[in-house]
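The values are calculated or read from the model by the stated rules, or taken from the named source; none is laboratory data. If you're wondering where the values come from, they're calculated on a predicted model, not measured in any experiment. FYI the Cβ positions are ideal-geometry reconstructions off the backbone, even for glycines, and counts take in every protein chain you see. With ligands, DNA and RNA removed, areas are computed over all heavy atoms of the protein, side chains included. Shrake-Rupley method; radii C 1.70, N 1.55, O 1.52, S 1.80 Å.
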Amino acid sequence: MARRNRHRLLLLLLRYLVVALGYHKAYGFSAPKDQQVVTAVEYQEAILACKTPKKTVSSRLEWKKLGRSVSFVYYQQTLQGDFKNRAEMIDFNIRIKNVTRSDAGKYRCEVSAPSEQGQNLEEDTVTLEVLVAPAVPSCEVPSSALSGTVVELRCQDKEGNPAPEYTWFKDGIRLLENPRLGSQSTNSSYTMNTKTGTLQFNTVSKLDTGEYSCEARNSVGYRRCPGKRMQVDDLNISGIIAAVVVVALVISVCGLGVCYAQRKGYFSKETSFQKSNSSSKATTMSENVQWLTPVIPALWKAEAGGSRGQEF
């Protein structure tokens, strides 16, 4: 009996699986397809193709752009948003006439059509990559520097896609990424990073004086910043020595002046004057006290007599 019950349960499970698979085929989504990747240059056209069966009268098509929030691109047989003015439908496909960088992202087409088993829904996903040429890079070049110091020049572009590589030019001549391969008349102590756009001189010299410009380049195009001049000067040791000597002379002259004033007694005269002034103030105060000494008792007597008269 136990074996028969097990066989019955197995048959029921098999029937359930068959019914479920048939339902999924009739009403569920179709098997996922390989995602398409469409690459287009900015301001040129791109076609987003929907790989589904041929369109029929009863087919219903929708295009959506995926992301943090899903937005309709084609809905109820009408293009939505700004796609109305710069796109058109070709069967199930969208032809964007003027691609912008904001169009980059994932798109999904959904096609639903009635079938013998019921409503069938198929979908396809397309990824649009927009290539953007670099803008004019921002270049940071110091106007002056001292020989023997470390100097870094910077170049950066924030718009290019894919990320551009950078090349530096001095007086219109391209600098080699490996300075040791250049001529002996140039400074070979610099380091160029084509990914980050930095040009660093470990020990800058007067040979590095000139006009520098940077070029950003990718597979779409390239742009270069205006040249900026960097002047490299040697450290003026003689000028520093002369300044130190002048400062020392000023300090010594001031010291001699103080010594001379002390010998002549200018500081002692000033102190004696202060002493005489303070002694005269003390004498005046003592005289005032002596004058007031006989007056105060008389005032007390007069005040006492007045108080007695009031009592009578």
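Extending 7 Å from Cα along the Cβ direction at Glu116 and again at Glu152 yields two label points whose distance is 7.2 nm. Averaging the sequence gap over all C-alpha pairs within less than 8 Å and six or more residues apart, then dividing by the number of residues, gives segment 101-156 a relative contact order of 29 percent. Averaging over all projection directions, the Cα-based convex hull of segment 47-197 occupies 14.8 nm² in the image plane. Rolling a 1.4 Å probe over the protein chains gives Ile47 an accessible area of about 80 Å². In this view, the solvent-accessible surface of Cys254, computed with a 1.4 Å probe and all protein chains in place, comes to about 80 Å².
Surface composition of segment 103-214: carbon and sulfur make up 47 percent of the accessible area, probe 1.4 Å. Dipole magnitude for segment 109-238: about 1060 debye, using +1 per Lys or Arg Cβ and -1 per Asp or Glu Cβ, origin at the Cα centre.
Its Kirkwood hydrodynamic radius, worked out from the mean inverse distance over all distinct Cα pairs, puts segment 118-218 at 15.7 Å. Rolled with a 1.4 Å probe across the full set of protein chains, the surface gives Asp82 an accessible area near 80 Å².
Here is the tail figure for segment 99-174: Cα pairs spaced more than 14 Å apart come to 77 percent of all pairs. Taking 0.36 nm per residue of separation and subtracting the current Cα-Cα distance, fully stretching the chain between Gln44 and Lys206 would add 53.6 nm.
Here Lys228 is the anchor, and the aspartates and glutamates within straight C-alpha reach of less than 16 Å, apart from those fewer than 8 places off in the same chain, are Glu140, Glu152, Asp171, Asp208, Glu211, Glu215. With both labels modelled 7 Å from their Cα along Cα-to-Cβ, the Gln77 to Lys106 distance reads 3.1 nm. Largest to smallest in accessible area, the residues Leu131, Leu61 fall in the order Leu131, Leu61 (1.4 Å probe, all protein chains included).
Annotation note: GluC sites (Glu not before Pro) in segment 98-168 located in DSSP loop regions with a Cβ neighbour count of at most 10 within 10 Å are Glu116.
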